[in-house]
Every structure is written in C-alpha cells, then in structure tokens.
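**Q** I have a structure here, written as structure tokens, and I will follow up with some questions on it.
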C-alpha cells in the first residue's frame, strides 16, 4: 500500500448492483425484507420499485474501505442512508464509491466516502477509520 | 408506539451465535471482498439485525414499516470463523417526529468477556 496523505483523493471504484445481488445479499445478511426482492410488494408500500438494502450499499462502501489497507484494519465505519438505490428488473445499476483522506492522526486515517448512483448521493456522512 | 419504559433497557439473547467460515465467505463473495480470513467490516449486522428485529417486534413495532436511517460500527478487532458471540441490544432512545417513530438501538457482540463489535442503528418506523 502506498503512503496515505491527508487531503488525498482515492481512486473511485464501480460496483454493479442487480436483483441477483440483492437476493445474494439477503441470503448472506439474513435481511429478507420483501422491499428488496419483490417488485409488487415494494410498489404496494409506495416505493418506485425494488430498492437495494441500505446495508448492501454500506457493505460495498466497506469493501472499498477494506481495499485501502485490508479489512482487518477497519476500526470504525458509519453512514446515513439518505436516498434509496432503485434496482429495476433485468438491469445492472452502477454504484460509484470514492474516498478522500480527511486526516491522519496517531496511526489512524479517517476516510470520507461518497456513494453515487444515477448522479444521486445515497450515503450521507459516510466515514471510516482505518488503522495504518 | 414504542413503550417508553423499554428505553434504556438491555436485552441479551439467550442463544449464542456461532460464526462459520461459510457465513463469512458468503458475505465476502457478495461484495467482492477477496479476503475471507476475517469478516468484512459490516458483517456484524448479519448477527445484530436479527436481534434488534426481534426486540422491536416484541416491543410492538411493525417491522414491515421500518426504514434504516443510519448505521455505525465500532470494531475492536475483526470477527473470525469459529467465534461464538452473545448479542445484547439496548434501545438507547425513541422519539416521535411527525408521526414517525425514530428508534436508536445499540447492539454489542461479546466473545467471552471481550467486547468485539458495537453497532448503532437508527430505525425509522413510518407512520
């Protein structure tokens, strides 16, 4: 890993989200809420279509964070779910995660994360702390 | 509406949860994480979600109307396969804003006496 510097912009990574991934995440996480799998149900509760689990978006941001120094180095991670990621049938939705090193203090780097889909910011105040 | 007497109380699961290599690998594969020697940073949710869901349902909230507001993890060390956790959850606050109930739940995962991961979830129960 290259040395991180405060203020550094990290290379963005694209993640593909589709219905298959939502089913796989539901299975892996145990979150079987039908709004993430069943289009008719999602629409019946006023959603435009099936939406991704907020925690899936956060898990993908966590994978991005892990790639910086290793998943065993992540000691703090938080985010607000400000907008849903809508996932229509037979469609790959692109989620772009990028990061910026905010500060490095006492061997820990604070990383600010941005998650964008369809030009919409879906995570708010997303940040992680990694041990260097 | 959540019973205000429940705020501040801690509920500890009677059953412990064993983390299998299969569960870590499955979670890692979904997000494209190549390292399966330790659990990914948000893996703990697969243990704590079930607990907070049960707790809120027993508290009388309608889980089908729950929207996730925010989430935080504090990880003292990574979770590895073979560990056995006891999960305890505390409703830290509950307030009503424009008919929506906003509930904050903290869940702690202990391995023996060691606190390994704490999670904080803000859940919004839509009116």
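**Q** Hey, any hits in the stretch A:108-121 for a residue that's more than 24 Å from residue A:23 (Cβ to Cβ), within 11 Å of the chain's Cα centre (by Cα) and within 11 Å of another protein chain (Cβ to nearest Cβ)?
**A** Looking through the stretch A:108-121, none of the residues is more than 24 Å from residue A:23 (Cβ to Cβ), within 11 Å of the chain's Cα centre (by Cα) and within 11 Å of another protein chain (Cβ to nearest Cβ).
**Q** Which condition does residue B:91 not pass, out of (1) in contact with a helix residue (DSSP H, G or I) (Cβ under 6 Å, 6 or more places away or on another chain); (2) free of Cβ contacts under 8 Å to residues at least 40 places away in the same chain; (3) more than 14 Å from every other protein chain (Cβ to nearest Cβ), if it passes all the others?
**A** It is condition (2) that residue B:91 fails.
**Q** Return a yes/no flag: does the stretch B:76-95 have any residue that is outside any strand (DSSP E or B) and at pLDDT below 95.
**A** The answer is no, given that none of the residues of the stretch B:76-95 is outside any strand (DSSP E or B) and at pLDDT below 95.
**Q** Under the condition of being farther than 23 Å from residue B:3 by Cβ and more than 8 Å from chain A (Cβ to nearest Cβ), which residue from the stretch B:44-76 is surrounded by the most Cβ atoms within 10 Å (Cβ to Cβ)?
**A** Out of the qualifying residues, it is B:44.
**Q** I've got another one for you. Inside the stretch A:24-52, can you point out the residues that are assigned to a helix (DSSP H, G or I), exposed (fewer than 15 other Cβ atoms within 10 Å of the Cβ) and more than 10 Å from chain B (Cβ to nearest Cβ)?
**A** Correct list: A:40, A:43, A:44.
**Q** In the stretch B:77-105, what residues are farther than 27 Å from residue A:76 by Cα and crowded, with 22+ Cβ neighbours inside 10 Å?
**A** none
**Q** State all residues of the stretch A:101-124 that are out of contact with any helix residue (DSSP H, G or I) (no Cβ under 9 Å at 6 or more places or on another chain) and assigned to a loop (DSSP other than H, G, I, E, B); if no residue qualifies, say none.
**A** Answer for the stretch A:101-124, where residues must be out of contact with any helix residue (DSSP H, G or I) (no Cβ under 9 Å at 6 or more places or on another chain) and assigned to a loop (DSSP other than H, G, I, E, B): A:106, A:107, A:118, A:119.
**Q** Using the structure shown, decide if residue B:108 is under 24 Å from residue A:80 (Cβ atoms), within 14 Å of another protein chain (Cβ to nearest Cβ) and surrounded by 13 or more Cβ atoms within 10 Å (Cβ to Cβ).
**A** So residue B:108 does not fit the description; no.
**Q** Consider residue B:34 carefully, then state whether it is in contact with a helix residue (DSSP H, G or I) (Cβ under 8 Å, 6 or more places away or on another chain), within 21 Å of residue A:75 (Cα to Cα) and touching a residue at least 12 places away in the same chain (Cβ under 8 Å).
**A** Criteria not met by residue B:34.
**Q** Which condition from (1) within 20 Å of the chain's Cα centre (by Cα); (2) surrounded by fewer than 17 Cβ atoms within 10 Å (Cβ to Cβ); (3) modelled with pLDDT of 85 or more is the one that residue B:29 breaks?
**A** Among (1) within 20 Å of the chain's Cα centre (by Cα); (2) surrounded by fewer than 17 Cβ atoms within 10 Å (Cβ to Cβ); (3) modelled with pLDDT of 85 or more, the lone unmet condition for residue B:29 is (1).
**Q** If you scan the stretch A:53-72, which residues turn out to be closer than 18 Å to residue A:111 by Cα, facing chain B (nearest Cβ under 9 Å) and assigned to a helix (DSSP H, G or I)?
**A** Residues satisfying the conditions are A:58, A:59, A:60, A:61, A:62, A:63, A:65, A:66, A:67, A:71, A:72.
**Q** Further, regarding this structure: Residues in the stretch A:105-132 that are over 22 Å from residue B:68 (Cβ atoms) and crowded, with 16+ Cβ neighbours inside 10 Å: how many?
**A** Count: 3.
**Q** Any idea which of A:106, A:119 is at pLDDT below 95 and more than 25 Å from residue B:44 (Cα to Cα)?
**A** A:106
**Q** Same structure, new question: Looking at this structure, is residue A:85 touching a residue at least 40 places away in the same chain (Cβ under 8 Å) and over 12 Å from residue A:22 (Cβ atoms)?
**A** no
**Q** Given the options A:98, A:76, name the one that is within 11 Å of chain B (Cβ to nearest Cβ), surrounded by 15 or more Cβ atoms within 10 Å (Cβ to Cβ) and not in a helix (DSSP H, G or I).
**A** Going through A:98, A:76 in turn, the sole match is A:76.
The values are calculated or read from the model by the stated rules, or taken from the named source; none is laboratory data. No experiment lies behind these values; they were computed from the predicted model shown. FYI the Cβ positions are ideal-geometry reconstructions off the backbone, even for glycines, and counts take in every protein chain you see.
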